[in-house]
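These notes concern the structure reproduced below.
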Amino acid sequence: MSHEVLLTEGAEGDLEALYDYLAEFDSQESADRVLDRLMAVVESLAEQPERGAHPRELVSLGIREYRQVFFKPYRVIYRMMGERVIIYLIADGRRDMQTLLAGRLLGR
């Protein structure tokens, strides 16, 4: 069964910021490659969204409705809602994920 995969405005902004950063501080080719790989990971969720693990930062708060998949070191945080997969956050996993997740998902 195929799911519809949607990116929130925040996730789209994450991709744009990541692309701009890599293009400026690494290379255009690196930015293109990383964006292509991240989009492949995102699109793969249409077929197997259940495969993602629950983010430990949220599990520790008792929240289990979000999942994550990786393209190391990047984390794609999403939620399944019926036939849809909603992408909420795409970020470098080396960042302060507790703060990022609280701000983006919990409105803190």
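At a glance:
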| item | result |
| --- | --- |
| List SER44, SER30, SER2, ordered by accessible area with a 1.4 Å probe, largest first | SER2, SER44, SER30 |
| CD proxy at 222 nm, helix term only [per DSSP H run n ≥ 4: -39500 (n - 2.57); per residue of the chain; nearest 500] | -13500 deg cm²/dmol |
| Carbon + sulfur, % of accessible area of the stretch 16-108 - ligands and nucleic acids excluded, 1.4 Å | 48 percent |
| Residues in the stretch 81-101 that a label on ARG64 would reach, taking backbone N under 17 Å of a point 7 Å out along Cα→Cβ | 81 |
| Solvent-accessible area of VAL59 with every protein chain in place, 1.4 Å probe, in Å² to the nearest 10 | 50 Å² |
| Surface accessible to a 1.4 Å probe, per residue, for the residues of the chain, Å² | 59 Å² |
| Approximate spin-label separation GLU12-PHE71, in nm, with each point projected 7 Å along Cα-to-Cβ | 1.8 nm |
| Residue list for the stretch 78-95, given a label point 7 angstrom along the Cα-to-Cβ vector of MET1 and an amide N cut-off under 20 Å | 78-87 |
| Sites GLU50 and TYR21 - FRET efficiency at Förster radius 30 Å, r taken between beta-carbons, to 0.05 | 0.45 |
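The values are calculated or read from the model by the stated rules, or taken from the named source; none is laboratory data. Computed from a prediction, not measured in an experiment: that's the story for all the values here. Neighbour counts are summed over all protein chains in view; Cβ atoms, including those assigned to glycine, are modelled from backbone coordinates with ideal geometry. To get the accessible areas, we keep the full protein, side chains included, count just its heavy atoms, and leave off ligands, DNA and RNA. Shrake-Rupley method; radii C 1.70, N 1.55, O 1.52, S 1.80 Å.
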